[in-house]
Amino acid sequence: MRKLFNRIFGISFFAFCIVAYLIILPLLCQGYELYKDAKNSVDLDEMVVKIKNDESFISIEDIPSEYIDELLISEDKRFYRHLGVDMFAITRAAYNDIKLGYFAQGGSTITQQLAKNIYFSFEKTYVRKIAELFMAFDIERKFTKNEILELYVNISYFGENCYGLREASAHYFGLHPKDLNQIQRAALIWTIKSPNNYNPNVFDPERLKDTILKKLNVSLRNEYITSLCMN
């Protein structure tokens, strides 16, 4: 029995090495080349200056803490604990993609999303995903977590030609971010997932409420239910 197990393990390991050589290694090389080309084409420091000089820029101090908390719950629960890449989220997303049979989830952290927004297209490919990983590590080395959050909030696309939280808040609700209520904050956070399909002007409010509730962690669920019942 032990010999049979060792033989099966040996064959499986050999097969994995072949797959890694024929598929994984070329993808890594292509992703690294895409990363290098992107890094050489866009100077990150210049991009950050451009973002901060925009009239709609909002500093981290002026972003409601509730929005930040709810954003992290929705997009990146382990943001303050990882180094730009969340291997748990990537593994979970890969498992779900394999189960579904297509590229449905990416497991991207906020840092990876920032890298994508600055450097790459939104096309879902494994090569772009790998390039995004390399770039995320660069961004984490260069900026603090709060600086990364600040940049992400100011560069995220919210649909209908709106970039950044301040612009989106004014466009959809006629408000400054600090004046948004719970549901309005939640609506804009959900918009990030698919700006053209989930923004407040096209997504059914009742579906929005149900969807947001499902995405909350237990500690915030009762507060949201209370708020929804009052509206």
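Figure legend. Inter-residue proximity from region 177-190: first residues under 10 Å from E66 (Cβ atoms), second residues surrounded by fewer than 19 Cβ atoms within 10 Å (Cβ to Cβ) and modelled with pLDDT under 90, beta-carbon distance below 6 Å, spacing 6+ or different chains. Indicated pairs: Q182/S227.
Taking region 158-180 as the range and being among the small types (G, A, S), in a loop (DSSP other than H, G, I, E, B) and either over 17 Å from K193 (Cβ atoms) or touching a His at 6+ places or on another chain (Cβ under 6 Å) (or both) as the test, only G174 passes. What pairs come out if I take residues in region 60-75 that are outside the structural domain of L175 (by TED's automatic domain parsing) and pair them with residues that are outside any helix (DSSP H, G or I) whose C-beta lies under 6 Å away, six or more apart or interchain? These pairs meet every condition: L72/F79; I73/N217. Filtering region 138-169 to residues that are in contact with a strand residue (DSSP E or B) (Cβ under 9 Å, 6 or more places away or on another chain) and polar (S, T, N, Q) leaves N154, S156. Sub-7 Å Cβ pairs linking a first residue in region 32-46 that is among the small types (G, A, S) to a second residue that is part of a helix (DSSP H, G or I), at least 6 apart or interchain, are A38/Y119; A38/A131; A38/M135, ordered by first then second residue.
If you check N196, N96, N154, N181, which single one turns out to be polar (S, T, N, Q) and either at pLDDT 95 or above or under 17 Å from L72 (Cβ atoms) (or both)?
N154
A count restricted to region 115-131 and to residues that are part of a loop (DSSP other than H, G, I, E, B), free of Cβ contacts under 8 Å to residues at least 24 places away in the same chain and either buried (at least 19 other Cβ atoms within 10 Å of the Cβ) or in contact with a helix residue (DSSP H, G or I) (Cβ under 8 Å, 6 or more places away or on another chain) (or both) stands at 2. Identify the residue in region 57-87 that is modelled with pLDDT under 90 and touching a Lys or Arg at 6+ places or on another chain (Cβ under 7 Å) and, among all such residues, is surrounded by the fewest Cβ atoms within 10 Å (Cβ to Cβ). Per the criteria, the residue is S74.
Would you confirm whether or not region 213-231 contains a residue that is part of a helix (DSSP H, G or I), at pLDDT 60 or above, buried (at least 20 other Cβ atoms within 10 Å of the Cβ) and under 19 Å from the mean Cα position of the chain (by Cα)? Scanning region 213-231 turns up no residue that is part of a helix (DSSP H, G or I), at pLDDT 60 or above, buried (at least 20 other Cβ atoms within 10 Å of the Cβ) and under 19 Å from the mean Cα position of the chain (by Cα).
The values are calculated or read from the model by the stated rules, or taken from the named source; none is laboratory data. Keep in mind that what you see is a predicted model, and the values were worked out from it rather than measured. Every residue, glycine as well, gets a Cβ built from its backbone with ideal geometry; the counts of neighbours run over all protein chains shown.
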